[in-house]
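Let me begin by presenting the structure, written as structure tokens, before commenting on it.
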Amino acid sequence: MSLADVLARLGLTRLPFGGPPPPAALTGGYATRVSECLRELKAGQVSTVLISGGRDAGHLRILAVLLERFGRDGDMAAWFDEYPSDGPAFLQALLAGWGLEIEEGMRDDLKALLELFIGHQSAKGHVAYVALPADQRPPEDIAELIEWLAGLRFEGRYTVRFVLFGEPASPLPDCLKGATPEVATGRGLLHHRVPGLLPSESEHYVHTRLKMAGARHPGELIGMELCRLVGAYADGEVAVIDRLMLGALDMAAADDQTGSLVVRQRHVEAAAERLGLELRSETVTAEATATESAAEPEQARLVFSAGAEVTHQVELLQPRMVMGRDGDCDIPLDSRFISRFQCLFMQTRRGWYVLDLGSTNGTFVNARRIREHLLRHGDVISIGRHRIRFVADDGEDVQAGEGDGAPGDYLSTELLVARGGRTDPGEESTVIRQRSER
């Protein structure tokens, strides 16, 4: 039976892969990493964040909305897709982005106004953020203004922080890296390199494509782990994922004479071999980047409790352990309030992640519903009626009743990416949802 016949029988109106990638295919994997970088920026641990990689429109929307969230605390964020023509235009755009509309002015007057405004906001405890395209070389007069902004201080603290996005077109200026004696103290650079699609994004990308083509239950056609295997073979490149998935679907259709369609590992591997692809990721699920430490991941355990009483503990002894109601799960839980396959605990170089496996009731960490979350010692995981504390072996043990909740500035990364533009953070743009907003 041909692939077209099988797809038609399943109600798919067209081939699910090919054409521009939908923005809705980009999920929390990217935002998790970027929000961690921005959290360090907001805390003042660094003063410049470089997020290098391709200028994917969906990724930029996520980054922009994360920056816009800082404005809720009174901070200011100005975004530049490209550099203005000259210094005065740059200064005017900064003032406009930070809430002051100035139609015209001389360069020195605008600088004086900007410095006064930044100092006034700094006295209130607010910070000014500037997002600049790293893949463009700024005009010489704007480069001088960037260096001037990088050196502005209030009571010894740097008052302007920078977010650079895109693949750098040239070496970054020393003023943004803290490499000169004048700005060596207090400034620092955090570099996050974005690959194509992260494994979690590959999963959501494949399922989103299938949904757009009419599949009601894409997870039944190809499971989470196989989606990530596809992403690992394709090294996150969307065009390669498309070709690989079409090949795997074609082989799955030819392999099954019942008219159903289930992509299995052998189909993915055979399609990859036909395309001459090899696994380039260290593991299917480990989202390692160049900035990650090469140290061994921490050992950890899960502490289950009922009220203030600890009921039992589970050691995380394998790199991947699935929790759910099904008896085949690594961590089985006999409860009708959780799904057969609820969540996955995954060990990476960064530490332990917990990933929700599309459960009905959801997986919560520190009272926030998550799709995936990098666990920290003491995090509380809520699944159905189970309360589970994550305990890292190198951290102090935490009793069942202590310390619920995450830091207040945690940026949740359960995302909806829809059609709207970057500057419209409404229902048709990227929405960062927190538990309190539900």
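Overview of values
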item	result
Cβ-derived FRET efficiency at R0 35 Å, ARG193 paired with ARG153, nearest 0.05	0.75
In order through the stretch 325-332: 3J(HN,Hα) via Karplus (6.51 cos²θ - 1.76 cosθ + 1.60), integer Hz, x for Gly, Pro	7, 5, x, 7, 5, 5, 10, x
Probe 1.4 Å, all protein chains present, accessible-area order of LYS177, LYS124, largest first	LYS124, LYS177
GluC sites (Glu not before Pro) restricted to the stretch 126-166 and DSSP loop, no more than 14 other C-beta within 10 Å	GLU155
Long-range HN-HN contacts of ALA134 with modeled amide H, under 5 Å	PHE165, GLY166
Largest to smallest principal axis extent of the C-alpha atoms in the stretch 32-133, angstrom	41, 32, 20
Label point distance in nm, GLU115-ARG9, each placed 7 Å from Cα along Cα→Cβ	7.6 nm
Distant-in-sequence amide H partners of PHE154 (H built 1.01 Å from N, under 5 Å)	THR159
Label zone at GLU82, where the point sits 7 Å out along the Cα-to-Cβ direction: the stretch 135-149 residues whose backbone N lies under 12 Å	136-137
Cα centroid of the stretch 48-115 to Cα centroid of the stretch 365-385, whole Å	34 Å
Calculated over the stretch 135-177: convex hull of Cα atoms, volume per residue (Å³)	67 Å³
Accessible area in the full protein assembly, largest first, 1.4 Å probe, for HIS373, HIS217	HIS217, HIS373
Full-extension gain in nm, GLN318 to ASP73, via 0.36 nm per residue minus C-alpha separation	84.1 nm
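The values are calculated or read from the model by the stated rules, or taken from the named source; none is laboratory data. Quantities reported herein were computed from a predicted structural model and do not represent experimental measurements. Note that we place each Cβ from the backbone using ideal geometry, even for glycine, and neighbour counts take in every protein chain shown. Surface areas here come from the heavy atoms of the whole protein model, side chains and all, with no ligands, DNA or RNA. Shrake-Rupley method; radii C 1.70, N 1.55, O 1.52, S 1.80 Å.
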